[in-house]
Amino acid sequence: MDTYYIFSYYLIQFCGHSWMFTNMIIRFLSFGEDSVADTFYSIGLAMRICQSLSILELLHIFLGIGNDGFFPRLLQITERIIILFVVIASQEEVQGKSVVCLLFFLWSFLDVVRYTYCMLAVIGIHFQGLTQLNYVLWILLYPLSVLAEAFAIYESLPHFEMSGTYSIKLPLPFAVPIYFPYILKVYMVTLFGGMCFIVRHLDTEWNAHLRCCNSKEKSN
């Protein structure tokens with residue numbers, strides 16, 4: 001029962017990210033650079049649905065039906081939720097930026113490969129080429145996606161400063177103001193710390209996989 005459920009989950013995520021990835025390519029080939037500014041409006045809802053569903057993966061790991069490390073996956077999901085819902089979706093001026101198009105392209109591309117790999121692994125199908133592609137792409141492109149996320153934060157700062165969105169004063173005996181752009185600047189720095197941790201984790205997993213493959217070849 002768990003296998004059917006987790007396979008269905010990966011299949012839904014694969015279909016969602018494949019549709020977004022294909023949609024972006026077709027729209028770019030059809031409309032050129034004009035399609036970049038409309039990326040959020042064309043696939044933003046689908047992206048929000050897929051990223052919201054990804055929160056279930058933390059439950060999967062907790063229940064033992066997911067194979068990812070809890071903390072690395074928590075970092076990845078949290079950063080995407082914050083960037084997508086807090087930074088991009090809340091500021092209409094940011095939604096038409098080129099960095100949003102780049103970010104959505106990287107997210108969808110990486111997840112098409114990842115969910116293909118996960119979906120086949122659940123039913124016991126392993127392709128060495130797909131496994132290598134999954135790890136190598138994530139190790140190479142994940143830092144680029146983090147750079148895009150940091151740049152999206154940078155692009156949003158003037159708009160948060162002007163609008164005052166999420167900047168509040170706590171109702172304490174001594175009113176403590178919380179200036180949201182400062183929080184974003186701190187978070188932008190922590191993104192790179194999380195990136196280093198996740199890349200090291202992926203590299204460790206990849207090396208462990210290579211050692212396992214080598215030991216199997218020697219035993220044969």
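Label positions at A89 and I123, each projected 7 Å from the Cα along the C-beta direction, are separated by 3.2 nm. Were the residues from A46 through F71 laid out at 0.36 nm apart, the gain over their Cα-Cα distance would be 6.5 nm. Computed over protein heavy atoms with a 1.4 angstrom probe, the accessible surface ordering of E155, E33, largest first, is E33, E155.
About the Cα centre, and with charges only on the beta carbon of Lys, Arg (+1) and Asp, Glu (-1), how big is the dipole of the range 72-134? Nearest 20 debye, please.
Numbers: 4 positive and 4 negative charges, 40 e Å.
The dipole magnitude comes to about 200 debye.
log₁₀ I(q)/I(0) of the range 92-220 at q = 0.11, 0.20 Å⁻¹, via Debye over equal Cα point scatterers, no solvent, to two decimals? Per q value, in the given order, log10 I(q)/I(0) is -0.58, -1.15. A 1.4 Å probe run over the chain, with the rest of the protein chains in place, finds 54 Å² accessible per residue. Which stretch or stretches of the range 58-88 have amide N atoms under 11 Å from the point lying 7 Å from D2's Cα along the Cα→Cβ direction? Those under the cut-off are 60-67. Its Cα centre serving as origin, the chain has a Cβ charge dipole (Lys and Arg +1, Asp and Glu -1) of approximately 480 debye. Only one of the values (i) 1.04; (ii) 1.02; (iii) 0.94 was calculated from this structure for Rg/Rh (Cα atoms, Kirkwood Rh); name its label. Matching the structure shown: (ii).
Let's test the formula: R0 of 30 Å, r as the Cβ-Cβ distance of L137 and D34. What FRET efficiency results, to the nearest 0.05? The value I calculate is 0.60.
The values are calculated or read from the model by the stated rules, or taken from the named source; none is laboratory data. No experiment lies behind these values; they were computed from the predicted model shown. Ideal geometry is used to build each Cβ from the backbone, glycine not excepted, and the neighbour counts take in all protein chains shown. The accessibility values were calculated without ligands, DNA or RNA, using every heavy atom of the protein model including side chains. Shrake-Rupley method; radii C 1.70, N 1.55, O 1.52, S 1.80 Å.
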